Amino acid sequence: MKKDASLNIQSKIFDHVRKAIGPDESMGLVLSDVLSLSTDAVYRRMRNETPMTIHEVEKVCSFFKISFDALSTETNRKVDFDYLDSPSGEFSMDIYLRGILFGMKELRRLPQVKLFLTVNNVHFFQAFNFPEIVHFRLFFWAKSHLLLPEYEHRKFDLTGISKEALNDGREILQLYNQLETVEIVDREMMRGYLRQIAYAWESGWFKDAEQVLRLIDAVEEWLNHFLKQAENGKKFQHGTAVPASGAKLNLFLNDTVNTDTTFYYECASKRGVYLIHNILNYLHTTNERYVGDTKAVIDRQLLNANLISEVNHKDRHKYFQDLFASINAARLEIITKR
């Protein structure tokens, strides 16, 4: 690697560190601890007077979770992603939620962070208001698509949620409710989930008809709660009063289809993207070019969507009534076949 290119990468590394530590910490002192060097030695590297060794680069990139490959100007078309490493044989609701909770805690630490979501089928964060909704979603994919051996003969049980999963889900919901969000839903929201319930019922995956009807009731109650949040433009937990102040919910309706679930976040010092892939897993990147392209796509989606939180009562009413009708149809189908 040429010296100029090496120093250019070194400058980029320090730019990433500045964004990561925030304005209240001394970059020289932080790096002195990370690299086990004197502050004078650190400042010489920050001024590009002394090139960093490959071991120093590795230490800094590892500590601050910086993608070394993404620093190179010769790899503009390559993007590095982090992902939840959950081998199929070790999948569990506890492991899955623990990874999401870690990511939400990291986001909550960012100053004045704002989230943008496109929702495909299930609104995962909102669903934590009713843990049984999330529980069934993970059960369905583990049994039908991941084909985990321990799920082969297992039937769905509404009460089969561990205490740890309940606590993690509750904390994820609390963190989500503290952050302002811009959310894009489409007319297919939850309809795929209702089809999954019907499929599981017809396949004999429920213990009894009461279990499946209680799950459909939970979906209906969740939708009522989501409607109340949309009417007020605020997020709050089910069973609590509408807060006088709180995190704002900006809900937009896409009249076509959201082809994927994308989660974009931004604050003054950092921005990034989470993507759902392989059914349940998720990818995360802070690659500037990719993140910028993603935000541009979301902005274009918003231009073609209608705001239905707080305003546009007619559009909001019709949207939710159509979803309630789908829930009633799913319930009627189960009742007639029980």
Out of (1) surrounded by 12 or more Cβ atoms within 10 Å (Cβ to Cβ); (2) modelled with pLDDT of 90 or more; (3) in a helix (DSSP H, G or I); (4) not polar (S, T, N, Q), the odd one out for Leu37 is which? (3)
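Report yes if Glu152 is among the acidic types (Asp, Glu) and either within 22 Å of the chain's Cα centre (by Cα) or outside the structural domain of Arg214 (by TED's automatic domain parsing) (or both), otherwise no.
no
Residues checked against (1) free of Cβ contacts under 8 Å to residues at least 24 places away in the same chain; (2) charged (D, E, K, R):
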{"residue": "Ala244", "(1), (2)": "yes, no"}
{"residue": "Ala247", "(1), (2)": "no, no"}
{"residue": "Asp255", "(1), (2)": "no, yes"}
{"residue": "Tyr264", "(1), (2)": "no, no"}
{"residue": "Gly272", "(1), (2)": "yes, no"}
{"residue": "Asn287", "(1), (2)": "no, no"}
{"residue": "Lys295", "(1), (2)": "no, yes"}
{"residue": "Arg300", "(1), (2)": "yes, yes"}
{"residue": "Asn306", "(1), (2)": "no, no"}
Which of the residues belonging to segment 132-170 are in a loop (DSSP other than H, G, I, E, B) and basic (Lys, Arg)? Arg154, Lys155
Being at pLDDT 95 or above, at negative phi, outside any strand (DSSP E or B) and aromatic (Phe, Trp, Tyr): is that true of Tyr290 here? no
Note on segment 248-281: residues crowded, with 20+ Cβ neighbours inside 10 Å and under 12 Å from the mean Cα position of the chain (by Cα) are Thr262, Phe263, Tyr264, Tyr265, Gly272, Val273, Tyr274
Restricting attention to segment 175-188, and to residues there that are in contact with a strand residue (DSSP E or B) (Cβ under 7 Å, 6 or more places away or on another chain) and of a type outside the set (Asp, Glu), which single residue is nearest to Ile100 (Cα to Cα)? Leu179
Selection from segment 147-174 of residues over 14 Å from Tyr96 (Cα atoms), surrounded by fewer than 20 Cβ atoms within 10 Å (Cβ to Cβ) and not charged (D, E, K, R) yields Leu147, Leu148, Pro149, Tyr151, His153, Leu158, Thr159, Gly160, Gln174
Contact list, first residue from segment 143-158 and in contact (Cβ under 8 Å) with a residue 60 or more places away in the chain, second anywhere and surrounded by fewer than 17 Cβ atoms within 10 Å (Cβ to Cβ) and not aromatic (Phe, Trp, Tyr), beta-carbon distance below 6 Å, six or more apart or interchain, is His145/Ile279; Leu146/Ser88
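Determine if segment 179-194 includes at least one residue that is more than 30 Å from Asp293 (Cα to Cα), surrounded by fewer than 17 Cβ atoms within 10 Å (Cβ to Cβ) and assigned by TED's automatic domain parsing to the domain that holds Gln321.
No, segment 179-194 has no match at all.
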Candidate set: segment 22-57, residues that are without any contact (Cβ under 8 Å) to a residue 24 or more places away in the chain and in contact with a Phe, Trp or Tyr (Cβ under 8 Å, 6 or more places away or on another chain); chosen: the one farthest from Gly272 (Cα to Cα): Gly28
So for segment 202-217 (the condition being surrounded by 14 or more Cβ atoms within 10 Å (Cβ to Cβ), in contact with a Phe, Trp or Tyr (Cβ under 6 Å, 6 or more places away or on another chain) and closer than 21 Å to Gln178 by Cβ), does at least one residue qualify? no
What is the residue count in segment 282-338 for residues that are among the hydroxyl-bearing types (Ser, Thr, Tyr), out of contact with any helix residue (DSSP H, G or I) (no Cβ under 6 Å at 6 or more places or on another chain), more than 26 Å from Met104 (Cα to Cα) and crowded, with 16+ Cβ neighbours inside 10 Å? 1
Restricting to segment 189-210, name every residue that is among the aliphatic types (A, V, I, L, M) and either touching a strand residue (DSSP E or B) at 6+ places or on another chain (Cβ under 7 Å) or more than 24 Å from His153 (Cβ to Cβ) (or both). Met189, Met190, Leu194, Ala200
Filter segment 201-220 down to residues that are within 26 Å of the chain's Cα centre (by Cα) and either hydrophobic (A, V, I, L, M, F, W, C) or over 15 Å from Asp322 (Cα atoms) (or both), then give me how many there are. 5
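The values are calculated or read from the model by the stated rules, or taken from the named source; none is laboratory data. The model shown is predicted, which means the values in this text are computed figures rather than measured ones. Note that we place each Cβ from the backbone using ideal geometry, even for glycine, and neighbour counts take in every protein chain shown.
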